[in-house]
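The values are calculated or read from the model by the stated rules, or taken from the named source; none is laboratory data. As the structure is a prediction and not an experimental result, all values here were calculated from the model. Cβ placement follows ideal geometry from the backbone for every residue including glycine, while neighbour counts extend to all protein chains displayed.
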Amino acid sequence: MPEWQKILRTTDLFQIMSGLSYKIIFSDAASIDLSDIQTYTELTFGKAQKELYQQKLNRGFLSIQNMPTIGHNHPLIADNLRLLNIEKHVVIYKIIEELKIIHILRIVHQKVNLGTI
């Protein structure tokens, strides 16, 4: 099973365990981003570092789920989107309040020019 699918199940578990009212979903692009991050991290730093970094990302996703407005707006992206920095990456997400969904759109490296996304 791809790692991003495990994350989806993990966030579902967070929701069940904590009684949260928001569910996290990942866009196809964000799923690819996660897979790329994991591949790069493992090839560059090893499996243990990949797993450690994934735990940090998961904690970031949980923070978003617990407090959807934790992220901030940015002048280079749409007003309805939020950003949250997690280590070396930026999670770009949208709150769909009426459905109680956090839609994670992208997970990009902090050096990426947000105006090009």
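Against the conditions (1) acidic (Asp, Glu); (2) in contact with a Lys or Arg (Cβ under 9 Å, 6 or more places away or on another chain); (3) farther than 23 Å from TYR22 by Cα, where does ASP36 fall short? Just the number, please.
Of (1) acidic (Asp, Glu); (2) in contact with a Lys or Arg (Cβ under 9 Å, 6 or more places away or on another chain); (3) farther than 23 Å from TYR22 by Cα, only one is false for ASP36: (2).
GLU97 versus (1) buried (at least 17 other Cβ atoms within 10 Å of the Cβ); (2) in contact with a Pro (Cβ under 9 Å, 6 or more places away or on another chain): which is the lone unmet condition?
(1)
Residues are listed down the side, and each one gets a yes or a no for (1) under 21 Å from LYS94 (Cβ atoms); (2) at pLDDT 95 or above; (3) among the hydrophobic types (A, V, I, L, M, F, W, C):
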site	(1), (2), (3)
MET1	no, no, yes
ARG9	no, no, no
PHE14	yes, no, yes
GLY19	no, no, no
LYS23	yes, no, no
ALA30	yes, yes, yes
THR39	no, yes, no
GLU42	no, yes, no
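Among the residues of the range 63-95, write down those that are part of a strand (DSSP E or B), modelled with pLDDT of 95 or more and not basic (Lys, Arg).
If the condition is that a residue be part of a strand (DSSP E or B), modelled with pLDDT of 95 or more and not basic (Lys, Arg), then LEU81, LEU83, LEU84, ASN85, ILE86, HIS89, VAL90, VAL91, ILE92, TYR93, ILE95 are the ones that fit.
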